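Participant: Got a structure here, written out as structure tokens. Questions coming.
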Amino acid sequence: MSVTSFTVTPGKRTVPVTALPADITLPVPAEITDDELAEIGTILSRWRSINMSAYKDKCMKRRIAIHMRATRCLDAAEYCNLLRQSPQELDQLQKTLTIHVSQFFRNPSMFVKLRDDVLPGLFSTCEKNGAGKVRFWCLGCAGGEEPFSLAILLREHFSRELRKVQTIIHGTDIDAETIRAAQQAEYIEERLKEVPADLKDRYFRQNGTRFRLVPELRQMVTFLQGDITRTTEFVPSDLVVCRNTLIYFTRPDQEKILHGVADILPAGGILVLGKSETLTGDVRRRFESICPVERIYRRI
Ligand SMILES: C[S@@+](CC[C@H](N)C(=O)[O-])C[C@H]1O[C@@H](n2cnc3c(N)ncnc32)[C@H](O)[C@@H]1O
């Protein structure tokens, strides 16, 4: 996204968009220009403290266009006016721009790899060096499915280690409502489709059409609101999971975020990326790949 130089002309189109009759067929809104995108970014940054300039322009424009059509705005200027007047539309847009889709044990083979080849080493290093704790951090954790999957994995396969070593799991996401949902830990069945039946019985309680995680598991994860682009706020960790979030950012911002992660991992610390993500640029020299298929890297 380029720097902001665009000014909306108030009064250019004075009809409140929400007042347009639903049966009027409107022309397809014009393409969003870079300046218009910058203006929308300025509004989001002012009212929601989100730094949209780090996200990929094409992706953002596509999603904003969907909102312009849904709100029956004819052009970006009208949509900017709507955003200024409607906190609800700001919330809706923020939600769309920061997609929250996740599931328990998403890409199950990655969790198998962690269980068999990564976590045993992490715990034994911790026991050997007397650190007394292992810290996990899921960045862009959506509704908590990912950190809770880790918690289930630890409960199921590392109970001896959990008794000896303090385990800290943090989940952070930029979206406050998503974080509140994660704290509730109640899910539609769709989110649990990769959870084996015995684990579902053991760790979830059905309440109508929803499934709530049992309190012992809920207590294992602390959720906080946090912006992945604010690398100075990153928390020291031994294993960082950052899957399917980097993909929305420009390459320079991906690199900046990954340097931030490298800064808080100790030598031997682990980074897990999403299946379609990879280390970019100079930050590659700070990691070695330990499983290219599952995108698991070790801090050098
Ligand atoms: C597609 S979800 C990925 C969820 C999970 N990591 C997974 O792979 O299933 C992307 C998440 O990144 C979050 N996100 C987007 N921009 C962010 C930012 N700047 N800082 C922190 N989280 C962000 C979104 O709110 C969303 O919950």
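The values are calculated or read from the model by the stated rules, or taken from the named source; none is laboratory data. Since this is a predicted model, take the numbers as computed values, not measurements. Because the Cβ atoms are built from the backbone with ideal geometry, glycine has one as well, and the counts that use them run over all protein chains shown. Quick note on the areas: whole protein, heavy atoms, side chains included, nothing else; ligands and nucleic acids left out. Shrake-Rupley method; radii C 1.70, N 1.55, O 1.52, S 1.80 Å.
Participant: Restricting attention to the stretch 240-257, does a residue exist that is of a type outside the set (Phe, Trp, Tyr), farther than 28 Å from residue 59 by Cβ and touching a Leu at 6+ places or on another chain (Cβ under 9 Å)?
Facilitator: No, there is no match, as no residue in the stretch 240-257 is of a type outside the set (Phe, Trp, Tyr), farther than 28 Å from residue 59 by Cβ and touching a Leu at 6+ places or on another chain (Cβ under 9 Å).
Participant: For the stretch 237-254, give me the residue count where each residue is under 25 Å from residue 113 (Cα atoms), more than 8 Å from the ligand (Cβ to nearest atom) and touching a Phe, Trp or Tyr at 6+ places or on another chain (Cβ under 9 Å).
Facilitator: 4
Participant: OK, next. Out of the stretch 244-276, which residues are of a type in the set (Asp, Glu) and at pLDDT below 95?
Facilitator: Scanning the stretch 244-276 gives a single hit, 253.
Participant: With the structure loaded, tell me whether residue 216 is at pLDDT 95 or above and open to solvent by 20 Å² or more (accessible area, probe 1.4 Å) or whether it fails that test.
Facilitator: yes
Conditions (1) in contact with a strand residue (DSSP E or B) (Cβ under 8 Å, 6 or more places away or on another chain); (2) under 26 Å from residue 95 (Cβ atoms), marked per residue:
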{"site": "171", "(1), (2)": "yes, yes"}
{"site": "185", "(1), (2)": "yes, yes"}
{"site": "195", "(1), (2)": "yes, yes"}
{"site": "203", "(1), (2)": "yes, no"}
{"site": "209", "(1), (2)": "yes, yes"}
{"site": "233", "(1), (2)": "no, yes"}
{"site": "236", "(1), (2)": "yes, no"}
{"site": "247", "(1), (2)": "no, yes"}
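Participant: While we're on this one: Which number in (1) open to solvent by 10 Å² or more (accessible area, probe 1.4 Å); (2) within 18 Å of the chain's Cα centre (by Cα); (3) more than 23 Å from residue 104 (Cβ to Cβ) marks the one condition that residue 249 misses?
Facilitator: Single failed check for residue 249: (1).
Participant: When residue 89 is evaluated against the numbered criteria (1) part of a helix (DSSP H, G or I); (2) of a type in the set (D, E, K, R); (3) within 14 Å of residue 153 (Cα to Cα), which criterion, by number, is the only one it fails?
Facilitator: Only one criterion is unmet by residue 89, namely (3).
Participant: Could you give me the residue pairs with C-beta distances under 8 Å whose first residue belongs to the stretch 243-260 and is of a type in the set (Asp, Glu), whose second residue is more than 9 Å from the ligand (Cβ to nearest atom) wherever it lies, and which are 6+ apart or on separate chains?
Facilitator: Correct list of pairs: 255/280; 255/281; 255/282; 255/283.
Participant: Answer yes if at least one residue in the stretch 223-231 is open to solvent by less than 40 Å² (accessible area, probe 1.4 Å) and modelled with pLDDT of 95 or more, and no otherwise.
Facilitator: yes
Participant: Something else about it: Is it the case that some residue within the stretch 32-46 is of a type in the set (Asp, Glu), at pLDDT below 95 and either within 29 Å of residue 143 (Cβ to Cβ) or not in a helix (DSSP H, G or I) (or both)?
Facilitator: no
Participant: Between a residue in the stretch 48-60 that is free of Cβ contacts under 8 Å to residues at least 12 places away in the same chain and any residue that is among the aromatic types (Phe, Trp, Tyr) and near the ligand (Cβ under 7 Å from one of its atoms), which pairs come within a Cβ distance under 6 Å, given they are 6 or more apart or on different chains?
Facilitator: Nothing qualifies.
Participant: Does residue 138 satisfy being in contact (Cβ under 8 Å) with a residue 12 or more places away in the chain and either away from the ligand (no atom under 13 Å from the Cβ) or at positive phi (or both)?
Facilitator: no
Participant: Restrict the check to the stretch 152-170 and report whether at least one residue is touching a Lys or Arg at 6+ places or on another chain (Cβ under 8 Å), within 15 Å of the ligand (Cβ to nearest atom) and of a type outside the set (A, V, I, L, M).
Facilitator: Looking for residues that are touching a Lys or Arg at 6+ places or on another chain (Cβ under 8 Å), within 15 Å of the ligand (Cβ to nearest atom) and of a type outside the set (A, V, I, L, M), one finds at least one in the stretch 152-170, hence yes.
Participant: Sticking with this structure for a sec: If we keep just the residues of the stretch 83-110 that are buried (at least 21 other Cβ atoms within 10 Å of the Cβ) and more than 16 Å from the chain's Cα centre (by Cα), which is farthest from residue 187 (Cα to Cα)?
Facilitator: Residue satisfying both the conditions and the ranking: 83.
Participant: So how many residues does the stretch 70-86 have that are basic (Lys, Arg) and more than 17 Å from residue 46 (Cα to Cα)?
Facilitator: 1
Participant: Criterion first (away from the ligand (no atom under 15 Å from the Cβ) and hydrophobic (A, V, I, L, M, F, W, C)) does residue 66 satisfy it?
Facilitator: yes
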